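Engineer: Can you keep this structure in mind? I'll have questions shortly.
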Amino acid sequence: MSLWSTLPPDEQVLAEPAGDEARALAADQDERADLAAYRRARRRARTRRLGTGALGLAVLVVLWQLVAMLISDPVFLPSVSQTVASFAHYFVHPYPSQGKPLWYDALTSLRRVLIGFALGAVIGVALGAAMSASRIVRHAVDPVIEVLRPLPPLAFIPLFIIWLGIGEMPKEVLIMLGVIPVMAVTTVAALDEVPDDLRLCARTLGASPRYTMLRVQIRSALPGILTGMRISMAGAWTSIVAAELIAATSGLGYLIMQAGDYLNTALVFSGIISIAILGLGLDACLRGLLLLADPSRRR
Amino acid sequence: MAAPANRTGAGPGAAVVIDSVGKTFRRGGRRTVALAGASLRVRAGELVCLLGPSGCGKSTLLRIIAGALPADEGTVTVGGRPVSGPSPDRGMLFQTPMLFPWLSTRNNIMFGPKAQRAARLHERDDPELDTETAALLDRVGLAGFGDAFPHELSGGMKHRAAFARALASRPSLLLMDEPFGALDAITRERMHEFLLDIWDQHRTTIIFVTHDIEEAILLGDRVAVMGGSPPGIGEIIDIPLGRPRDALDVDTELFLNARRRIRALLQQTQLRS
């Protein structure tokens, strides 16, 4: 039997709540109406923001088309329509220099990015967790990360060819290497940011140390870790071209370099747009996870 | 076990005995005495305020009672049992509500009961917890906000949700660390009424930390004035105001006398330190 259910009902009436709440709790009103109205207003605001964002992209496309029409030189700058036609054609038809269509290169690059990213995320988060948990690990690993972070991926290519050969592995490792420091740094920051009192609060509510670690500390850091994943996923795509300079015969990076050699500018743009679409798609997935993990971002 | 001993006793609250508790922090070879020789007996169902300026050891003492900090000297017993670590029997409310931002109000309130069930401290099933949570939401005036997330609540509502979450563990002692310090004056006044109302119904023992003299007098059965060097509990003042109290009591003669006396005590402890 709970304490409060034993009390007479007239004692369960509360004092009139203050300010904003009074509005919501006003007599004879369904209180839920206020929360629902609040959420509706936030959804409307989000739709407006998305509309404005789409407008920005549309302006970019229109400007591109106008400039291309003025220049009227498809090798220097193909128009939007020429690029779309080229994209649609090569998406299913192989181009002469390689013998594979665009979708094949896109999938190849996607696989390399995903494998490299997954490896890097797992190692980076584990490293970050260890750094957050142990002062010694933090002080030992921190300078290593700080030294590695600013190095450009291109600089590693000769080393990777010597050490790892010219297969898939050096390409994935190159991407992984860019992901690890970002994930380690963001994971440390996210775990450090969990207030001590939040942990204490969970403990005073009867949570075991293990339950608190999993359901409160790590859970609380999850949005920060997912934000780190969004940053490093974008980084992974920026190094795909570098990765595919390693004796590649497929992939979007390879396609872009090849198309450039043949002065097929529309195909270069098609490759770039493919990277943009894949990058946006993966970022949208991560953003979706972030919204699931952090309700306060749902606006 | 989680079921507090007081459940069979006269009142729901537990008596607290603080016996010459001391705490020294060491950082880089430097020792800071945060608390020395603090003694206080709190009766079951009593509301005692710990009042003092920052650095007077009031938060340290509260954390020792909560079991978050081990005392270097002395002992604390709650309901006759010595404190050795955090327990759902001793609920804590913080300056910020510390709601879990990824959980709805309802799931925030159910966090304690569910965590305790995972630790096999009780075997209440989900329907029972749901019923109890609905009653608690109603009790704190958030009946329509069970599905709201913390960021969708106003400051006062967040504190009431945190209150409901603490009550869901059926604590026999509530430790409150300047819980309304960050609220505006009007909301704060409402929260005082709310706190006294809830306390009146449940008669949980409450130890309330504050640096606000008027808040301490308005809420407390007694006010323990803290400070000095080394920091500790100085005089303990009885507040002779009747119950129920409200904000209007601030103008009464009894209130003004109490305030004058506490002011003088605070000045004395400052001069000594």
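Engineer: Is any residue of segment A:241-263 close enough, with backbone N under 19 Å, to a label point placed 7 angstrom from the Cα of A:Val75 along the Cα-Cβ axis, and if so, which?
Structural biologist: So the set is A:256-263.
Engineer: Kirkwood Rh over Cα pairs of the protein assembly as shown into Stokes-Einstein at 10 °C, 1.306 mPa s: D in µm²/s?
Structural biologist: My calculation gives 57 µm²/s for D.
Engineer: For segment B:86-110 and segment A:181-247, what is the centre-to-centre distance using only Cα atoms, to the nearest Å?
Structural biologist: That distance is 22 Å.
Engineer: Sort A:62-74, A:211-223 by packing, meaning the average of other beta carbons within 10 Å per residue, with the highest value first.
Structural biologist: Put in order of decreasing packing, that is A:211-223, A:62-74.
Engineer: Whole number please: convex hull volume per residue, Cα atoms of segment A:75-297, in Å³. Could the numbers behind the result be given before it?
Structural biologist: Working: hull volume 31.8 nm³, N = 223.
Looking at segment A:75-297, the number lands at 143 Å³ per residue.
Engineer: Using θ = phi - 60° and the Karplus relation 6.51 cos²θ - 1.76 cosθ + 1.60, list the HN-Hα couplings for segment A:47-55 in order, rounded to whole Hz, with x at every Gly or Pro.
Structural biologist: My calculation for segment A:47-55 gives 4, 4, 5, 4, x, 5, x, 4, 4 Hz in order.
Engineer: Can you list the equivalent-ellipsoid semi-axes of segment A:168-224, largest first and in whole Å, using the square root of 5 times each Cα gyration tensor eigenvalue?
Structural biologist: In descending order the semi-axes read 33, 11, 6 Å.
Engineer: With +1 on each Lys and Arg Cβ and -1 on each Asp and Glu Cβ, how big is the dipole of chain A about its Cα centre, in debye rounded to the nearest 20?
Structural biologist: Computed charge dipole of chain A: roughly 300 debye.
Engineer: Looking at the calculated P(r) for chain B, what percent of the C-alpha pair distances fall above 24 Å?
Structural biologist: Of all Cα-Cα distances in chain B, 50 percent exceed 24 Å.
Engineer: Within a 10 angstrom radius of each residue's Cβ in B:138-149, how many Cβ atoms of other chains show up on average? Whole number is fine.
Structural biologist: 6
Engineer: Same structure, new question: For A:Leu200, what charge total do you get from the other residues with a beta carbon under 14 Å from its beta carbon, if Lys and Arg give +1 and Asp and Glu give -1?
Structural biologist: So the environment of A:Leu200 carries a net charge of +2.
Engineer: From the helices alone, meaning DSSP H stretches of at least four residues, give me the mean residue ellipticity at 222 nm for chain A, per-run term -39500 (n - 2.57), in deg cm²/dmol to the nearest 500.
Structural biologist: -24000 deg cm²/dmol
Engineer: Same structure again: Order of A:50-61, B:119-130 by packing, highest average Cβ count within 10 Å first?
Structural biologist: Numbers: A:50-61: 9.6, B:119-130: 12.9.
Descending mean neighbour count gives B:119-130, A:50-61.
Engineer: Structure shown: which of B:Lys23/B:Lys114; B:Lys114/B:Lys158; B:Lys58/B:Lys114 lie over 28 Å apart, alpha-carbon to alpha-carbon?
Structural biologist: Pairs exceeding the cut-off: B:Lys23/B:Lys114; B:Lys58/B:Lys114.
Engineer: A further question on this structure: Return the average number of partner chain Cβ atoms within 10 angstrom of each residue Cβ along peptide B:163-172.
Structural biologist: The shielding value for this peptide is 2.
Engineer: Considering every residue in B:151-160, what mean count of other chain Cβ atoms within 10 Å of its Cβ is obtained?
Structural biologist: Going residue by residue through B:151-160 and averaging, the value is 4.
None of the figures in this text is laboratory data; all of them are computed from the coordinates on show. This is a predicted model, so every value here is computed, not measured. Cβ atoms come from the backbone with ideal geometry, glycine included; neighbour counts cover every protein chain shown.
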